[in-house]
């Protein structure tokens, strides 16, 4: 049986989430989910949300990233980060389980 480890969240991602929460009414968690679809078979869904009962909660300095139980196996050992480049800024996922991904960066296959 393969060992499943939870994803990790970088300090940069938690810091960006804190900046976002400073500008909104009430702190929200960053939900990272995997849905079927996209040009490669699966796609990431990243949004602000409230934690649900069965979510895995990753927390640092009062900021929370939540992952539902269905998405968790797809994100085993992944790294959730925040990237700021000339072309834009976004949360990114480095997923060792993805065998390929498309140019948009949000769709992948396993």
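The values are calculated or read from the model by the stated rules, or taken from the named source; none is laboratory data. Remember, it's a predicted structure, so these values are computed and weren't measured experimentally. Here the Cβ is made from the backbone with ideal geometry for all residues, glycine too, and neighbour counts use every protein chain on show.
Within segment 9-30, how many residues turn out to be in a loop (DSSP other than H, G, I, E, B) and under 27 Å from residue 73 (Cα atoms)? Break it down into steps so the answer makes sense when it comes.
Taking segment 9-30 and keeping what is in a loop (DSSP other than H, G, I, E, B), we get 10, 23-28.
Going one step further and asking which of them are under 27 Å from residue 73 (Cα atoms), we end up with 10, 27-28.
Adding up the residues that qualify gives 3.
Report, by residue number, each residue of segment 35-45 that is surrounded by fewer than 17 Cβ atoms within 10 Å (Cβ to Cβ) and outside any loop (DSSP other than H, G, I, E, B).
35, 36, 45, listed by residue number.
I'd like the full set of residues that are in contact (Cβ under 8 Å) with a residue 24 or more places away in the chain, out of contact with any helix residue (DSSP H, G or I) (no Cβ under 7 Å at 6 or more places or on another chain) and surrounded by fewer than 19 Cβ atoms within 10 Å (Cβ to Cβ), limited to segment 49-71.
Within segment 49-71, 57, 62, 68, 70 meet the criteria.
Which residue out of 6, 51 is part of a loop (DSSP other than H, G, I, E, B) and under 18 Å from residue 92 (Cβ atoms)?
Of 6, 51, the one residue that is part of a loop (DSSP other than H, G, I, E, B) and under 18 Å from residue 92 (Cβ atoms) is 6.
Within segment 21-34, restricting attention to residues that are surrounded by 14 or more Cβ atoms within 10 Å (Cβ to Cβ) and over 17 Å from residue 54 (Cα atoms), which residue is modelled with the lowest pLDDT? Talk me through it step by step, then tell me what you get.
As a first pass, look at segment 21-34 and keep what is surrounded by 14 or more Cβ atoms within 10 Å (Cβ to Cβ): 21, 27-34.
Subset that is over 17 Å from residue 54 (Cα atoms): 21, 27.
Numbers: 21: 95, 27: 87.
Across segment 21-34, the extreme among qualifying residues is 27.
Just name the residue that is surrounded by the fewest Cβ atoms within 10 Å (Cβ to Cβ) out of those in segment 72-94 that are more than 20 Å from residue 15 (Cβ to Cβ) and modelled with pLDDT of 90 or more.
Among those residues, the one meeting the criterion is 73.
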